[in-house]
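The values are calculated or read from the model by the stated rules, or taken from the named source; none is laboratory data. Keep in mind that what you see is a predicted model, and the values were worked out from it rather than measured. Here the Cβ positions follow ideal geometry from the backbone for every residue, glycine too, while neighbour counts run over all protein chains shown. Note: accessible area is taken over every heavy atom of the protein model, side chains too, but ligands, DNA and RNA are not part of it. Shrake-Rupley method; radii C 1.70, N 1.55, O 1.52, S 1.80 Å.
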Amino acid sequence: MMEQWEKISYIVQLIAACALFMVPYKKRAKFVPRAVLCSGAFVLVSYAVNSMLENRNFSIWIVLYWAAFLLACVLLMYVCLDVNALEAAYCAICACAMQHVAFDINEIYLGLGGGSYLVQVIVYAAVYLLFYHLFVRKINQNDESRVSLEAMFPLATIIIIVWILSVLETSGLEYFRAEAGSRIFYRIIDALCCFYVLWVQINQREKIMLKQELDGINTAWMMQKEQYVIKQEIIDSINRKCHDLKHQLQALRQMTNEEDKEAYFNEMEHDIMIYDTAVNTGNKALDVILMDKGLYCKNHDIQWTCMADGSCLGFMRIEDIYAVFGNALDNAITAVTAISEPEKRVISLKMITQNNILVIQVQNYYETSLHFEQGLPVTTKHDRQEHGYGMKSIRHIAEKYGGTITVDAKDQIFTLQILIPLEQRA
């Protein structure tokens with residue numbers, strides 16, 4: 001029985017390690033069948049290969065044999081998790097490092113004369129639980145992956161070097177043979193290397209998160225400052241008009257030309273209506289954007305309607321809110337500015353929640369000819385930098401939060417619709 005277990009023990013340990021590192025990540029559809037089928041296939045392949053290589057001697061093929069286990073872990077991560085290949089490789093290497101630490105500690109126990117299978121199981125369970133508490137829980141906080149080639153290279157290099165040395169140490173080759181005491185010392189150093197490289201990686205990711213949080217705070221502060229400046233400009237404008245109101249009323253009494261009087265009334269009404277651009281949606285970042293774009297529309301004879309509840313945007317980063325609404329409204333403003341008919345210089349923004357889905361819709365008239373590539377509008381070469389600018393950024397941010405965007409151009413009305421699920425955000 002134990003002989004059969006030895007043929008699959010390593011892959012089972014790796015699968016268990018991978019399962020722990022899967023916990024913080026978003027899973028692919030049909031995760032359980034994927035995980036079961038993939039794990040079962042790896043166990044069967046491991047059993048078959050080890051049955052054929054029972055009396056193997058050390059060679060380059062043995063190095064490739066052990067490397068295949070790492071590739072299997074990468075494939076398991078990629079098949080089961082909603083991550084890219086780089087993130088799958090990162091998780092797999094971290095899982096292999098955790099298993100290797102447990103293996104080293106178990107080898108130290110055996111080197112000191114231990115032989116209880118129960119103790120060996122406890123050793124693996126304790127190491128896995130410790131690593132879960134110290135590393136796994138922190139590896140994908142806020143549901144955001146932050147793996148780069150720069151971060152991946154030192155992690156992969158150190159773990160692979162340690163892994164190769166471990167393979168050589170257990171190969172039986174005379175050059176790498178060590179006494180019992182030296183072997184225990186080597187295993188201690190080996191385990192510490194794996195532990196510390198993961199420690200450094202997790203701390204680096206935490207520092208990146210803290211920096212992004214600080215950047216977000218600074219962005220929020222700058223937006224609040226900008227909002228204050230905009231409101232102050234509006235208030236100053238109204239105060240000046242109120243201060244001059246008594247003189248204006250006296251001038252109006254003396255006006256006899258009805259056209260001049262009507263023009264003067266229109267000017268005063270326009271100035272007062274600017275105050276309506278001060279909004280309070282429940283989200284300060286959105287308030288700044290809508291005030292800024294609203295003022296622009298008022299000053300450039302663009303009709304502007306807005307129905308938005310910003311209180312449901314708490315899950316989005318401030319810079320993402322600014323990018324989505326800023327790009328969408330800039331595109332709309334650019335499009336209607338080119339329209340010669342005043343009655344068509346209209347922009348409509350609507351944001352509602354329906355069935356736990358955030359719906360953001362921006363509509364505007366347009367006159368240019370549009371065609372689409374990969375679902376996004378592309379204009380002629382002359383207008384390529386105008387309508388459609390920022391659409392890729394909007395789509396990227398929507399997909400970042402699990403959402404989608406659709407665009408439609410019909411009857412000279414351009415519609416951008418963004419759908420983001422809110423159920424998981426709660």
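Which of Ala29, Ile15, Ser39 sits closest to the plus end of the dipole of the stretch 1-44, meaning its Cα is farthest towards the positive end, when Lys and Arg get +1 and Asp and Glu get -1 on the C-beta?
It is Ala29, whose Cα lies furthest towards the positive end.
Give me a comma-separated list of calculated 3J(HN,Hα) values for the stretch 337-350, in order, Karplus coefficients 6.51, -1.76, 1.60 applied at θ = phi - 60°, integers in Hz, x for any Gly or Pro.
4, 7, 7, 7, 7, x, 5, 9, 7, 10, 10, 10, 10, 9
Give the accessible surface of the stretch 69-136 per residue, rounded to a whole number of Å², with probe radius 1.4 Å and ligands, DNA and RNA excluded.
Accessible surface, normalised per residue, equals 40 Å².
Given +1 on the Cβ of Lys and Arg, -1 on the Cβ of Asp and Glu, and no further charges, what dipole in debye does the stretch 17-120 carry about its Cα centre, rounded to the nearest 20?
It comes to approximately 440 debye.
Please give the length that would be gained between Ile188 and Ser393 if that part of the chain were fully extended, namely 0.36 nm times their separation in residues minus their C-alpha to C-alpha distance (nm, one decimal).
The Ile188-Ser393 span can extend by a further 69.0 nm.
Set Lys and Arg Cβ to +1 and Asp and Glu Cβ to -1, take the dipole of the stretch 28-138 about its Cα centre, and tell me which of Leu110, Asn50, Leu70 lies farthest positive.
Sorting the options by dipole projection puts first Leu70.
Check which residues have an amide H placed less than 5 Å from Cys306's amide H, if you skip close sequence neighbours.
Long-range HN contacts for Cys306: Leu349.
List, in order, the whole-Hz ³J(HN,Hα) value for each residue of the stretch 105-110 obtained from phi through the Karplus relation with A = 6.51, B = -1.76, C = 1.60 and θ = phi - 60°; use x for Gly and Pro.
Each residue's phi maps through the Karplus curve to give 5, 5, 5, 5, 4, 5 Hz.
Give me the extension gain from Ile352 to Glu6: residue separation times 0.36 nm, minus the current Cα-Cα distance, reported in nm with one decimal.
Difference between extended and current length: 118.7 nm.
For the pairs Lys7/Lys27; Lys207/Lys392; Lys350/Lys392; Lys30/Lys350; Lys298/Lys350; Lys207/Lys284, flag any whose C-alpha to C-alpha distance is greater than 23 Å.
Pairs exceeding 23 Å: Lys7/Lys27; Lys207/Lys392; Lys30/Lys350; Lys207/Lys284.
Could you order Glu319, Glu3 by accessible surface area, starting with the largest, using a probe radius of 1.4 Å?
Largest to smallest exposure gives the sequence Glu3, Glu319.
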